[in-house]
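Encoded as structure tokens, the structure appears first; notes follow it.
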Amino acid sequence: MTINEFLVWLIQFSPLFSSALIVMLFYKKSSISSNISIAGIGFSWLLSLWLLFSSIIEKGHSFVMDQHLWISVFNFDIEFGIMTDGLTAIMVFVVTSVALIVQIFSKGYMEHDSSIPRYYTFLSIFIFSMLGAVLASNLLQIFIFWELMGLCSFLLIGFWFEKPSAVKAARKAFLVTRFGDLGFILSIVLIWNSIGSLDIMVINSKVTSMDTNVLLFAAFGLLCGAMGKSAQFPLHVWLPDAMEGPTPVSALIHAATMVAAGVFLVARFFPLFESVDMIQTIMIVIGITTLILTGFLGIAANDIKRVLAYSTVSQLGYMFVALGLGAYIAAIFHLITHAFFKALLFLCAGSINHSTDTFDMRNMGGLSKLMPLTFTTFLIGSLSLCGLFPFAGFWSKELIIGAAYEKNIIVFVCLMVGVFLTSFYVFRALIMTFFGDFHPTSEFSKLKKHVHESSRVMSYPLLVLAIPALFLGFIDFFHIFEEMLYNANPYLNSDHGEHHFHLFIPVISIGLITLGAIFSYLIFYKNYLKLFRNNLNSSFLVKLLNERYYIDYFIEKVFVTRFILGSLGNSLVFFDKKVIDRAVNFTGKFSINIGQIFVRSVNGQIQFYSFAIIGGLLVCQIILLLVSFYVLGT
Amino acid sequence: MVVLTLLIPFLASLMISLSPNSAKYQPKYIALFFSLITFLFSMSFPFIYDFADGAYGGYEKFVWLNELFPFEISIAFGVDGLACLLVILTNLLAISAVLISFNIKDKAYYTWLMILQGSIIGVFVSLNLIQFFIFWELELLPMFMLITFWGTGNREYSAMKFVLYTLVASALILTGIIILGYETQSFDIIQINSMGMLVDSELVSFAFWFLMIGFLIKLPIFPFHTWLPDAHTDAPTAVSVMLAGILLKMGGYGILKIILPTMGFLLNDYGLLLGSLGAFSIIYGAIQTLKQSDLKRVIAFSSISHMGFVLVGIASNSELGILGASLQLITHGLISGLLFLGVGLIYERTNTREISDMSGITNQFPKITLIMMFAGLASLGLPGMIGFIAEIIIFIGSYQSLPFVTVVAISGVLFSAAYMLWSLQRIFFGIEKNKYNSEDINSWPQLVSTLLLMFPIVAFGIYPQPFIAIMEEGLNFLLNAGAIL
């Protein structure tokens, strides 16, 4: 039986209701509020299963749902509704699944926090907005939930608001993504003015009739929005800092769902992007730049969450490359596998942090014996991330690399470099965290006995997430999902990145992964670079990586502090105070002074007045005489 | 009904000033009672009147001066959709203003507040230019008194600056009105609007610019804005609320109601100039905001920035642009009103408005934090709140005729997020600096005054259609006059 419209709306609104319930009734009760929130998302998850099955039956074609008039004024009609195609169904399922697991994990992770109801309220509203963006049938509707996601991300990054660094990171995340959203707004404006509708179906169907310039700018604007949310170079700066938020939040928002929304947006409007070659090239270039630059940053980071954050940005780069290559299905497939294995990795990091109280890998080591379950699941997630056969990541990455091989050999080589980098930083993280022994200088070596495996509420979610990280690659054996995604968009070009299977590609990539692992082993376990280490630390390259290529420095210190707040701001303040306001005050004083001159004439002396009258008359007479003589000539 | 709504505040001011000095007849309760009545009356307008096709509700006309001029001068009252929403906004803000000043006991204060409310309503319900001008001027007196006697800081300077600045505007407007009256042989707004566009002449251009600059001073738009930050900083909370919430909107209303239906065609020539001025104002105000240390000045400059959107929308001379601009008048009224209420609440507790003096006060004042964050998010145009709708409609509407101006205006959205979040975060979050020996909001008047404004912000943000529909009908007079492109 196909799901009906009301139930699809309920998928989206059930988390909102649970958050409303928490705020209104249980804002003081931690455990009830978490249970309500989990129940709300659990309900959504069940319904999303139903939606997924309905969509499989329909083979991903969107089934008709009503549109509801939201604004109707002059010629501006905006209808809101639900898109129920294969893309939506799959995304909804992924989002609710990860969200459910993360919510359960949070119950353990946040147990000592004093503001659990606030946490669950924000998290539920986030899930509501994320689902809203995925289900939307109108560009404006996507934008509304897109911004609400940004708000929730802001609120959750700054969840521990006493920490100045968290507060700053929250602001940075909001503003950088909003910078991208300027493009999004512009593109809404352009599309409306060009075709007079913001309905997704209408936009995709009218791509061919749009002016090429408008098309270019509209696609570029949307791409800017996507780059902001998906943290693509040069707007990637916010994501590493966003790790200030609670770890489950990083897992859900900053790894699995919200950051993937950019990829989703491009996929949703794929006919639009597909029709402009330049945009596709831009996407490939941005994707490659991002994945390689942040791959290197992942090697330099010492905070385990930051390593994972850079890895997220890097993997999103893969998805953008795939989109640029036209391999729309590969991009979405990688989005899905990445959502699971990256959420798994983050939750593992959370589990580690919960027992060691640190994220700094230099203080860790030897955790494999103390936290065997976390270690095993982290290993599964890592291998999946590297793209090793037969883990989930292998299948999705192989699709992207294969598409690159057939389109452009340079792109292919760059992606392969990315594979090596990924394996290198992943194994570095694994070795530093789980192998060897506690770092001798760290305080935690004294606390060794306190480190323990996490409680069941935290470790079971890890196990659950390990399953898709292992097996998700096999799921599309019968090409059901491929067909669903393909049918989701009736206006796609016929070539959607299908490629033939080349055996040597996986062989090369597995070779590179092994190479990366060996390098990591030699450098970080055997310490073969010890001799150079002192030189290395002061070398320009290491400094460049530690300073993140000076991009953050340039944006924050040079552009914002020196330019906007510094020279420009100061000169405008000076102008406001010393020029405009002084002119105003001058006018006032001038009038007063003029008045004071004439005030003297009002001195109460009759002689002066009569003198003035007679004098004035005389002057007038003379003027009249002169005027009549010279001007009139009489 | 309209005339009654106008008279009640004046009646209330009379009653307050004549009431006996006893605990039984506290002026605040009289003021609250009458502002509630006016609000309820004005709330009935959308239900009892039909604004379709730009019709006026509650129309009354009295002949006033018949023999003195070549044409009659009458007194006429009535509201269309636009005026109706502005009157409702005025009365809503008036209730909030009364509630927020509940610890002031002076009779004179409430008397002036009621006169202020009455004269503002007068501006919006007047359908005669001379009468419009009289109410426009009348509003200065209570403002001057309220700032001078109940203000803080350099209040005499600010009050005087406000009055003189506005008088310059008034002089320009009066000149414009007289030219307009002689050109059309009438001062009756309905009659003038029904005549359609004036014939282009030098005199008409003069009238256009006289009126335009007069209204831009009130709006205010760069470079005529410097009165606003001073007036706000030194005004008491309730006056700031009225000033930002309603007084600025009189400028926009004047442009919409008087300039556009008669001389709108001049926007074809000057639209780009005015639009650029508006866009410049958006960015200029926003950057000034980033440099301010006084919270009230931050919000004052943000008002200048937001009023820039109004000018951009109007200058585009398109249906949606003008609609968005009119919506922005209302939305900004609610949002900035709420922001100033919040500042008042903070000031009452911390005795400072310097941002750098405060840090991490959310632990002590969680409710105020919530209110201010709500208002800040609304102000930065978060979807789901009313400000977003006005802004997006302005952008969509003005792109066709002013593409580059619109692109600049869009970038204002980033700036507003930057200054709002930055200022609010510095105040509320981070390390707790001081302990204040006062409590979070614990009295009903303060809570109600903020809730009154929060409700429409979010309700019409989620479902704006009823509100927009009234506004659409309210702009029909422009379509009828052939004003919009």
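The values are calculated or read from the model by the stated rules, or taken from the named source; none is laboratory data. Note that the structure is a prediction, hence the values are computed from the model and not measured. Don't worry about glycine lacking a Cβ; one is built from the backbone with ideal geometry, like all the others, and counts go over all protein chains shown. All accessible areas refer to the heavy atoms of the entire protein, side chains included, with ligands and DNA or RNA removed. Shrake-Rupley method; radii C 1.70, N 1.55, O 1.52, S 1.80 Å.
Annotations for the structure displayed:
- Centre separation in Å (Cα based) which lies between region B:281-296 and region A:14-61: 42 Å
- DSSP H segments from chain A that extend 15 Å or more along their own axis, Cα-based, with Kyte-Doolittle mean of 1.6 or above: A:5-25, A:86-109, A:139-157, A:277-300, A:409-434, A:456-471, A:504-520, A:606-630
- Efficiency of FRET between B:TYR347 and A:MET65 - r from beta-carbon atoms, R0 35 angstrom, step 0.05: 0.10
- One Cα centroid belongs to region B:24-84, the other to region A:316-354; the line between them spans 61 Å.
- Reachable lysines from A:LYS59, criterion Cα separation under 25 angstrom, eight or more residues apart if same chain: A:LYS206, A:LYS397
- For A:LEU388, the residues whose modelled amide H falls within less than 5 Å of its own, excluding neighbours fewer than 5 places apart on the same chain, are A:PHE394.
- Solvent exposure of region B:270-400, expressed per residue, is 18 Å² of accessible area, with all protein chains present and a 1.4 angstrom probe.
- Over region B:2-481, Cα pairs under 8 Å with separation of 6+ residues give a relative contact order of 17 percent.
- Rounded to whole numbers, the Karplus 3J(HN,Hα) couplings from phi for region B:333-347 are x, 5, 6, 5, x, 5, 4, 5, 4, x, 4, x, 5, 5, 4 Hz, using 6.51 cos²θ - 1.76 cosθ + 1.60 with θ = phi - 60°, and x at Gly and Pro.
- Among the listed pairs A:LYS107/A:LYS369; A:LYS163/B:LYS367; B:LYS107/B:LYS433; A:LYS28/B:LYS435, a Cα-Cα separation exceeding 27 Å is found for B:LYS107/B:LYS433.
- Maximal additional length on extending the B:GLU439-B:ASN363 stretch stands at 26.3 nm, based on 0.36 nm per residue less the C-alpha distance.
- Extension gain for the segment A:LYS526 to A:TYR550, taken as residue separation times 0.36 nm less the Cα-Cα distance, is 5.5 nm to one decimal.
- Protection proxy ranking of B:118-125, A:156-163, A:204-211, B:219-226 - average other beta-carbon atoms within 10 Å, highest first: B:118-125, B:219-226, A:156-163, A:204-211
- Region B:407-484: C-alpha gyration tensor shape, a/c 1.5 cut-off, then a/b vs b/c: oblate
- In chain A, the alpha-carbon atoms span a convex hull of 272 Å³ per residue.
- Region B:41-200: C-alpha gyration tensor shape, a/c 1.5 cut-off, then a/b vs b/c: oblate
- Summarising the label geometry, the points placed 7 Å from Cα in the beta-carbon direction at B:GLN465 and A:ILE299 lie 5.8 nm from one another.
- Between A:SER209 and B:THR152, the simple label model (points 7 Å from Cα in the Cβ direction) yields a spacing of 6.0 nm.
- Relative contact order %, chain A, counting alpha carbon pairs below 8 Å whose residues are six or more apart: 13 percent
- Charge dipole magnitude, Cβ of K and R +1, D and E -1 - region B:100-173, Cα centre, debye nearest 20: 160 debye
- Other protein chain C-beta atoms within 10 Å of residue C-beta, averaged over A:71-79: 6.
- Under the simplified labelling scheme, the B:LEU164-B:LEU447 pair shows an inter-label distance of 4.6 nm, with each label point 7 Å from Cα along Cα→Cβ.
- Per-residue ³J(HN,Hα) for region B:434-450, Karplus 6.51 cos²θ - 1.76 cosθ + 1.60, θ = phi - 60°, Hz, x for Gly and Pro: 10, 9, 9, 8, 9, 9, 5, 3, 9, 10, 5, x, 5, 5, 5, 4, 7
- Dipole of chain B [Lys/Arg +1, Asp/Glu -1 at C-beta], most positive-end residue of B:PHE34, B:ALA325, B:LEU421: B:LEU421
- Shielding by other protein chains, B:392-402, mean Cβ within 10 Å: 4
- Listed residue (A:PRO246, A:ALA260, A:ILE203) projecting farthest to the positive dipole end of the protein assembly as shown, Cβ model: A:PRO246
- Taking Cα centre as origin and charging only the Cβ of basic (Lys, Arg, +1) and acidic (Asp, Glu, -1) residues, the dipole magnitude of the protein assembly as shown rounds to 3940 debye.
- Net +/- balance of residues flanking B:LYS61 in space, Cβ distance below 11 Å, scoring K and R +1, D and E -1: -3
- Magnitude of the charge dipole, chain A, Cβ model with Lys/Arg +1 and Asp/Glu -1, debye to 20: 2440 debye
- Our estimate of slack between A:HIS502 and A:PHE389, defined as 0.36 nm per intervening residue step minus the Cα-Cα distance, is 39.2 nm.
- Spatial separation of Cα centroids for region B:196-256 and region A:216-253, in angstrom: 41 Å
- Positive-pole candidate from B:VAL125, B:LEU211, B:ALA390, dipole of chain B, charges at beta carbon: B:ALA390
- Under 22 Å from the Cα of B:LYS61 - lysines, other chains or at least 8 residues apart: B:LYS257
- Residues in region B:243-273 that a label on B:MET195 would reach, taking backbone N under 17 Å of a point 7 Å out along Cα→Cβ: B:257-266
- Computed over the protein assembly as shown, Kirkwood Rh from alpha-carbon pairs, angstrom: 31.9 Å
- In chain A, the DSSP-assigned H stretches of four residues or longer account for a calculated mean residue ellipticity at 222 nm of -22500 deg cm²/dmol, using -39500 (n - 2.57) per stretch and the full residue count as denominator.
- Each residue of region B:276-285 is assigned a 3J(HN,Hα), and the resulting list reads 5, 4, x, 5, 4, 4, 4, 6, 4, x Hz, derived from the Karplus form 6.51 cos²θ - 1.76 cosθ + 1.60 (θ = phi - 60°), x at Gly and Pro.
- Cα-based shape type of region B:2-481, given that a ≥ b ≥ c are square roots of the gyration tensor eigenvalues and the cut on a/c is 1.5: oblate
- Leaving ligands and nucleic acids aside, the A/B contact buries around 4700 square angstrom of accessible area in total at a 1.4 Å probe radius.
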